[in-house]
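Beneath this line is the structure, given in structure tokens, with notes to follow.
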Amino acid sequence: MSTRAGFVALIGEPNAGKSTLLNRMVGAKVSIVTHKVQTTRARIRGVAMEGESQIVFVDTPGLFQPRRRLDRAMVAAAWGGAADADVVVLMIEAHRGLSEGVGRILEGLGDVGKGRTIALAINKIDRVEAPVLLGLAEKLNAEFDFAETFMISAEKGHGVDALRQWLAGQVPEGPWLYPEDQIADLPMRMIAAEMTREKLTLRLHQELPYQLTVETENWEERKDGSARVDQIIYVSRDGHKGIVLGYKGETIKSVSQSARAELTEFLGRKVHLFLQVKVREKWQEEAERYSEMGLNFKDGNA
Ligand SMILES: Nc1nc2c(ncn2[C@@H]2O[C@H](COP(=O)(O)OP(=O)(O)OP(=O)(O)O)[C@@H](O)[C@H]2O)c(=O)[nH]1
Ligand SMILES: [Mg+2]
């Protein structure tokens, strides 16, 4: 039997459940997930095997109307992911339906989607009744010519196998792109920085999660088999530093503990995690911050 392999981009509005689906498809937490919008900032690949097919899922930042340089770079990365993929899966939230944002994405797909297979995945079906779903599927298919429609719950796993099996038949024939046992290609230092950013996003309120970035500065393998990981949290204002640290350093301490626990589990060995908060007013205008995130600085040009 001949093998197949290809890229499947997951696109959609922020919070649609793209990262949750990627993690489920891959069977490991490769991409961070929070209940807040704009969690994912760059493209993250995760590899899934289905029969003789290797499906490389590409998680993308949510598509929204960008205001800042960082927003623009994120949205560009998402559309770039769609443009580079063999198959695009548009994910929408069942309970939100055909929102204005989804309407704008459908317009964008008119161009980017040309000559590409595009499927619809209505996610979070656990939140609505069946008749609502059928109506929504009909409405969306009247708006856009989807190759196939799936009703799924990325979180609970409903419908996910059917989607994966269908995708396995859609990716082109060809040799596998990654070793069979590889699930991700993000460098470990970046995965570790993302874990810390997830804990910060969960812990901090309002705009703050969007005003910071995390970088792994140093990674040292120790003789006893443990790893020492040093990370910097860049914030843009003095006041933000105080909030990230928290009263008597409580906030940063709890963030550090949960990030360390996750990293320890991921690596299967002891980790010493050291976090430092630095104020860097203009970090969102620094090219190096973008390359560290896996984004293209110039994509953010207005
Ligand atoms: N009820 C329900 N919640 C879900 C489902 N899938 C994802 N979620 C939740 O939706 C929220 C957003 O999930 P993410 O996977 O981070 O969404 P995303 O599309 O990657 O979001 P961005 O990275 O911000 O673009 C999280 O709280 C998930 O737990 C689902 O099938 N059902
Ligand atoms: Mg995401």
**Message:** Residues that are in contact (Cβ under 8 Å) with a residue 40 or more places away in the chain and more than 30 Å from Arg68 (Cα to Cα): does the range 283-296 have at least one?
**Reply:** no
**Item:** Subset of the range 243-268 (residues that are surrounded by 13 or more Cβ atoms within 10 Å (Cβ to Cβ), over 19 Å from Thr201 (Cβ atoms) and not aliphatic (A, V, I, L, M))
**Value:** Thr264
**Request:** Starting from residues that are closer than 24 Å to Glu173 by Cβ and of a type in the set (D, E, K, R), keep the ones in the range 44-65 and report whichever is farthest from ligand 2 (Cβ to nearest atom).
**Result:** Glu52
**Item:** Subset of the range 38-56 [among the basic types (Lys, Arg) and away from ligand 1 (no atom under 12 Å from the Cβ)]
**Value:** Arg45
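When the residues of the range 208-222 are filtered to those that are within 22 Å of Ser236 (Cβ to Cβ) and acidic (Asp, Glu), which remaining residue is surrounded by the most Cβ atoms within 10 Å (Cβ to Cβ)?
Out of the qualifying residues, it is Glu215.
Among Arg197, Arg222, Arg237, which is the only one that is among the basic types (Lys, Arg) and more than 24 Å from Arg68 (Cβ to Cβ)?
Arg222
Residue by residue, here is whether (1) polar (S, T, N, Q); (2) within 14 Å of ligand 1 (Cβ to nearest atom); (3) in a loop (DSSP other than H, G, I, E, B) holds:
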site: Asn15; (1), (2), (3): yes, yes, yes
site: Ser31; (1), (2), (3): yes, yes, yes
site: Lys36; (1), (2), (3): no, yes, yes
site: Val58; (1), (2), (3): no, yes, no
site: Arg96; (1), (2), (3): no, yes, yes
**Request:** Quick one: which residue in Ile191, Ile152, Ile183 is out of contact with any helix residue (DSSP H, G or I) (no Cβ under 6 Å at 6 or more places or on another chain) and β-branched (Val, Ile, Thr)?
**Result:** Ile191
**Item:** Residues within the range 148-180 that are touching a residue at least 60 places away in the same chain (Cβ under 8 Å), outside any helix (DSSP H, G or I), surrounded by 12 or more Cβ atoms within 10 Å (Cβ to Cβ) and more than 14 Å from ligand 1 (Cβ to nearest atom), tallied
**Value:** 5
**Asked** For the range 31-40, which residues satisfy the criterion of being crowded, with 21+ Cβ neighbours inside 10 Å and under 18 Å from Gln211 (Cβ atoms)?
**Response** Ile32, Thr39, Thr40
**Request:** May I ask you to verify whether Val112 is touching a residue at least 12 places away in the same chain (Cβ under 8 Å) and closer than 22 Å to Leu295 by Cβ?
**Result:** yes
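How many residues are in contact with a helix residue (DSSP H, G or I) (Cβ under 9 Å, 6 or more places away or on another chain) and under 13 Å from Ala119 (Cα atoms) when one looks only at the range 129-142?
Number of matching residues: 1.
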**Request:** From the list Ala28, Ala82, pick out the single residue that is in contact (Cβ under 8 Å) with a residue 40 or more places away in the chain, buried (at least 21 other Cβ atoms within 10 Å of the Cβ) and away from ligand 2 (no atom under 13 Å from the Cβ).
**Result:** Ala82
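Tell me the residue from Ala16, Ala5 that is within 16 Å of ligand 2 (Cβ to nearest atom) and not acidic (Asp, Glu), please.
Going through Ala16, Ala5 in turn, just one is within 16 Å of ligand 2 (Cβ to nearest atom) and not acidic (Asp, Glu): Ala16.
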**Fill in**
When restricted to His240, His205, the only residue farther than 25 Å from Ile183 by Cα and either crowded, with 17+ Cβ neighbours inside 10 Å or over 21 Å from the mean Cα position of the chain (by Cα) (or both) is His240
**Request:** Could you pull out the residue among Lys223, Lys199 that is within 14 Å of Lys253 (Cα to Cα) and of a type outside the set (A, V, I, L, M, F, W, C)?
**Result:** Lys199
**Message:** Residues that are surrounded by fewer than 21 Cβ atoms within 10 Å (Cβ to Cβ) and β-branched (Val, Ile, Thr): does the range 96-104 have at least one?
**Reply:** no
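Read-outs: derived from the displayed coordinates by stated rules, not from any lab. From a predicted model like this one, the values you see are computed outputs, not experimental measurements. Cβ atoms come from the backbone with ideal geometry, glycine included; neighbour counts cover every protein chain shown.
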